[in-house]
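All remarks here apply to the structure that follows.
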């Protein structure tokens, strides 16, 4: 049989060589009068256009087979054309009657399908009405046996039949999770009810190295065995290593050999070989698994051209250019899936013995399947090691990648292969992205904005965006939102290793310094929009940053809502670096007042102020230090720690006096007025309130004068001098109207309303609160609306009108949630619980008080305590009478 096969190959090879010497045109090659081409589409209509050479080689093969048929008897294509012509049927009509596709008939008649399925032959025999002898001949030729040449070639079925490849790697037994992704692949590629798809099925699985792309694809492919009975091809293209990528030419050769094509008959040109591959796959149901592709261009020539066959492609790079492919992108496993996978490697008993350590271990692996398997394998090989020991090793970021494997199978080598791909690329952008990776990995924080990356890299925003997109294409970064990118923890760790090796300490610090300077400029721009008359603006050393995201107050606050966690992390990172003595640190804290105060971010304000006063003093920045001293008292007051706030403000007043700054003195006096009033030190408070008013009038600051009048109004309400209180409140509101400051007007109405509420002046409280609510609606400011709804809830609850109070509290919760004001939302849940408890709805009250605890934990200690105490009281069944405190707002 081997000699028979060789003779066929030599004969075909000689015919091909003779035909190439004559150089016929594609039109001549397609002019076979025995084929009806007028209405039938060519089977070689490809998914990617190979151009004339591929079309020519396909027809050339068909002609070669006809010539061979003349030497050995009629071929299957000859017989089929003859019997179809006799029956008077077109290809389309025959296909319809036999229940086959038009392409299947075309492929058989052109001779590119050498061994069709037996049920196909039986259907054709029936439709063509062949007699017994004709049917026997037709069936014999279809099986690879020529009746006329049977004496010469007693058995060529073994050599002429196409092999049926089954090359899939084995599926792992402990495959975990990925249910939705498996279903997505099966939805595209599974044959339903025996009816193949009318299009070529393509699925592209992408994700970072070690994320489990190959494992997932293998798992899915094994579930598709019945849908592709003609075989499964597997090819590791090594796009990202190990070693050099498999060239497209070599890939085509390997696939064609797997399909039974003799090596000497495989064209050298990519387009011709691709056309031959599509011809070999035409009319068959074969699944191709193309693993570890470099990019879409790497696999385009390898794809099937006709319905029936399908392909799964995996890559670390983007495969979006593949037309019609279903894109399946893999992220890290969930925490529970990671622990489950670890359990499959080391055994459930060890997980059960150390559940907390197992959970921590999953977190330190970044929930990366490769890392989980590597660390699990290490534990499995060391059964005496507790899981906690590996946790302690992984806690050290500098050693983490060493712990996760130091050889070519480890996580470090896996990530490095992607970086090497960029470094060795012919594209300048790729090499630039590789150089940028170490610097981009330095900043702390959950993600990285394009505009921030541009500052870090000291590049134009457009170029920085191109670099980030390229890194995202290779899944070295993840695009979590437009213009926002994120590193996987282990890729960041690798990037920082590269930074240690390739960047100087001054490079690191220069990058962080550029970031801080940018954040300062953004903070001053927000400050200017939220507090345009703030005296702090005069202390700016960095001009406000003018970008579209900071064009107005609403957009600026939203930008900082999204970016403030990054800013805080990078502020703390700089504070523990060589930049710890930089004047930029206190300036960041000062500039952020506008955002912190507007969004009630007291915890962040307090955290930034820690150490900033001392540093500003050390750097001889007395006014910066004084304002920071004043502002650090605000979180203390908001958390109900008035006793602690009073000495902080007194020190700030002394600092402003030492600097001979009357504006700062006036502001400190009014702030002390509020605090001392809450401490029942009314006489001291009145004296400071009057002093604040006098100072503000002396410097001609209308804003400060309004603040002083409001502070005095609160005090006079407190001592029962309601007429004087109203006079001060109204004067403060008039001053806000005089300068056209709607926000100041709203705030002063709100303060007056709450002061009247504390004094039991219900009607006056409602009047001022309605005005504050009206202005809030005009401003479309959800923070102000939240405050107004909270005051309304308190007002009606104090009067026993619980239904209206509950409605108001729920509206306030809605506005607080919409404005991302977690502290206010928590306080409103607490107030709602109090009102429901007073209305004898204890079940709802306990539920909302518990919700308040979850919102207020670690951000507002005094209100968290109130909420916990309420839960305990209600669970004990103790009687409850509604009352609110000075800290209710």
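The values are calculated or read from the model by the stated rules, or taken from the named source; none is laboratory data. These figures come from a predicted structure and were not determined experimentally. Using ideal geometry, Cβ is built from the backbone for each residue, glycine included, and neighbour counts are taken over all protein chains shown.
All but one of (1) over 27 Å from residue 440 (Cα atoms); (2) surrounded by fewer than 18 Cβ atoms within 10 Å (Cβ to Cβ) hold for residue 536, so report the exception by its number.
Every condition holds for residue 536 apart from (2).
Say whether the condition of being in contact (Cβ under 8 Å) with a residue 60 or more places away in the chain, crowded, with 20+ Cβ neighbours inside 10 Å and under 26 Å from residue 826 (Cα atoms) is met by at least one residue in the stretch 611-624.
No, the stretch 611-624 contains no residue that is in contact (Cβ under 8 Å) with a residue 60 or more places away in the chain, crowded, with 20+ Cβ neighbours inside 10 Å and under 26 Å from residue 826 (Cα atoms).
Could you figure out which of (1) in a helix (DSSP H, G or I); (2) surrounded by fewer than 24 Cβ atoms within 10 Å (Cβ to Cβ); (3) free of Cβ contacts under 8 Å to residues at least 40 places away in the same chain isn't true of residue 760?
(1)
Restricting to the stretch 399-416, count the residues that are free of Cβ contacts under 8 Å to residues at least 12 places away in the same chain and in contact with a helix residue (DSSP H, G or I) (Cβ under 9 Å, 6 or more places away or on another chain).
Result for the stretch 399-416: 4.
Given the conditions (1) touching a helix residue (DSSP H, G or I) at 6+ places or on another chain (Cβ under 8 Å); (2) closer than 23 Å to residue 322 by Cβ, which single one is not true for residue 427?
(1)
Suppose we filter 867, 852 for residues that are under 32 Å from the mean Cα position of the chain (by Cα) and either in a helix (DSSP H, G or I) or not assigned by TED's automatic domain parsing to the domain that holds residue 715 (or both); which single one remains?
Unique residue meeting the criteria: 852.
Working only within the stretch 202-222, note down all residues that are in a loop (DSSP other than H, G, I, E, B) and touching a helix residue (DSSP H, G or I) at 6+ places or on another chain (Cβ under 6 Å). Steps first, please.
Of the stretch 202-222, the ones in a loop (DSSP other than H, G, I, E, B) are 207-212.
Listed by number, the residues that qualify are 207, 209, 210, 212.
A quick yes/no check of all residues on (1) under 24 Å from residue 585 (Cβ atoms); (2) in contact (Cβ under 8 Å) with a residue 40 or more places away in the chain; (3) assigned to a helix (DSSP H, G or I):
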{"site": "485", "(1), (2), (3)": "no, no, no"}
{"site": "495", "(1), (2), (3)": "no, yes, yes"}
{"site": "498", "(1), (2), (3)": "no, yes, yes"}
{"site": "507", "(1), (2), (3)": "yes, yes, yes"}
{"site": "529", "(1), (2), (3)": "yes, yes, yes"}
{"site": "543", "(1), (2), (3)": "yes, no, no"}
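Of the residues 333, 290, 322, only one is part of a loop (DSSP other than H, G, I, E, B), in contact with a strand residue (DSSP E or B) (Cβ under 7 Å, 6 or more places away or on another chain) and surrounded by 23 or more Cβ atoms within 10 Å (Cβ to Cβ); which? Walk me through it before giving the result.
Numbers: 333 fails: in contact with a strand residue (DSSP E or B) (Cβ under 7 Å, 6 or more places away or on another chain); 290 fails: part of a loop (DSSP other than H, G, I, E, B).
Only one candidate passes the filter, namely 322.
If I go through the stretch 145-201 residue by residue, how many of them are outside any loop (DSSP other than H, G, I, E, B) and either over 26 Å from residue 261 (Cβ atoms) or at pLDDT 75 or above (or both)? Lay out the reasoning, then the answer.
In the first step, residues of the stretch 145-201 are kept if they are outside any loop (DSSP other than H, G, I, E, B); the result is 157-160, 166, 179-189, 192, 195, 201.
Restricting the remaining residues to those that are either over 26 Å from residue 261 (Cβ atoms) or at pLDDT 75 or above (or both) gives 166, 179-189, 192, 195, 201.
Residues in the stretch 145-201 being outside any loop (DSSP other than H, G, I, E, B) and either over 26 Å from residue 261 (Cβ atoms) or at pLDDT 75 or above (or both): 15 in total.
Please state which one of 736, 765, 752 is more than 28 Å from residue 536 (Cα to Cα) and touching a helix residue (DSSP H, G or I) at 6+ places or on another chain (Cβ under 6 Å).
765
Does residue 743 fit the bill of being under 16 Å from residue 677 (Cβ atoms) and surrounded by fewer than 24 Cβ atoms within 10 Å (Cβ to Cβ)?
On the way: under 16 Å from residue 677 (Cβ atoms): no; surrounded by fewer than 24 Cβ atoms within 10 Å (Cβ to Cβ): yes.
So residue 743 does not fit the description; no.
Can you find a residue in the stretch 691-705 that is under 47 Å from the mean Cα position of the chain (by Cα) and not in a helix (DSSP H, G or I)?
Within the stretch 691-705, none of the residues are under 47 Å from the mean Cα position of the chain (by Cα) and not in a helix (DSSP H, G or I).
Scan the stretch 674-693 and report the pairs whose first residue is in the same structural domain as residue 711 (by TED's automatic domain parsing) and whose second residue is in a loop (DSSP other than H, G, I, E, B) and surrounded by fewer than 19 Cβ atoms within 10 Å (Cβ to Cβ), with Cβ atoms within less than 6 Å and a gap of 6+ or a chain change.
678/886
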